[in-house]
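Okay, structure first, notes after.
The values are calculated or read from the model by the stated rules, or taken from the named source; none is laboratory data. All values reported here derive from a predicted model rather than from experimental measurement. Please note: Cβ atoms are built from the backbone with ideal geometry, for glycine as well, and neighbour counts cover all protein chains shown. To get the accessible areas, we keep the full protein, side chains included, count just its heavy atoms, and leave off ligands, DNA and RNA. Shrake-Rupley method; radii C 1.70, N 1.55, O 1.52, S 1.80 Å.
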Amino acid sequence: MRGGSRSAKEIGEWTNTNIGYAQLIMGIFIALWIKVFFRKFKYNIYEILVLLSYVLGEALFIFGCFIIIANVFNSEMIATIGIITYFIYIIWAIGQFFGERRFINYIKSIFVYVLGNASYLTVLILIAYLLTFI
């Protein structure tokens, strides 16, 4: 079973060192959930992926700025605010894209983001589990 934890650790390390690629892959899962929750909108998966590439990239940039400031001032509080801002921005941007005047779209965007992350993590765990047999 040690091989399984090694595979999971290697996948985690890859995710941390290639956060841009990890965000793009996670965007695929979020896009699939957007297709489910916002099906009345006739956007195709590629249009949604473009939206998410932009939104996740900007969110990562915002988060990076907070992390730099947190390191300069050696403040965990600033880093925590950066993490919260990261999540709020993503949820806000998805909700804005699908109709800023409808509060339900922001609620849906929370579910979309959470389910997209859960799907992404589930696939990573399954890959780590399958790599134990190889």
- Message: Anything in the range 32-52 that is open to solvent by less than 50 Å² (accessible area, probe 1.4 Å) and either in contact with a Cys (Cβ under 6 Å, 6 or more places away or on another chain) or in contact (Cβ under 8 Å) with a residue 24 or more places away in the chain (or both)? List them, or say none.
- Response: 34, 38, 51, 52
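Okay, residues lined up against (1) more than 30 Å from residue 8 (Cβ to Cβ); (2) among the aliphatic types (A, V, I, L, M); (3) in contact with a helix residue (DSSP H, G or I) (Cβ under 6 Å, 6 or more places away or on another chain):
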| position | (1), (2), (3) |
| --- | --- |
| 46 | yes, no, no |
| 50 | yes, yes, no |
| 57 | no, no, no |
| 80 | no, no, no |
| 98 | yes, no, yes |
| 105 | yes, no, yes |
| 110 | no, yes, yes |
| 131 | no, yes, yes |
- Item | the range 86-105, residues that are more than 19 Å from residue 27 (Cβ to Cβ) and open to solvent by 40 Å² or more (accessible area, probe 1.4 Å) | 100, 101, 102, 103, 104
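Yes/no per residue for (1) charged (D, E, K, R); (2) closer than 21 Å to residue 32 by Cβ:
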residue: 73; (1), (2): no, no
residue: 100; (1), (2): yes, no
residue: 105; (1), (2): no, yes
residue: 129; (1), (2): no, no
- Message: Cβ contacts < 7 Å: first residue small (Gly, Ala, Ser), restricted to the range 96-123; second residue open to solvent by 30 Å² or more (accessible area, probe 1.4 Å), any location; separation 6+ or different chain. Result?
- Response: 109/91; 116/29; 116/33; 119/29
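Looking at 72, 112, 55, which one is open to solvent by 80 Å² or more (accessible area, probe 1.4 Å) and among the β-branched types (Val, Ile, Thr)?
Residue meeting the stated conditions: 72.
Quick one: count up the residues across the range 1-18 that are surrounded by 12 or more Cβ atoms within 10 Å (Cβ to Cβ) and not small (Gly, Ala, Ser).
Of the residues in that region, 6 qualify.
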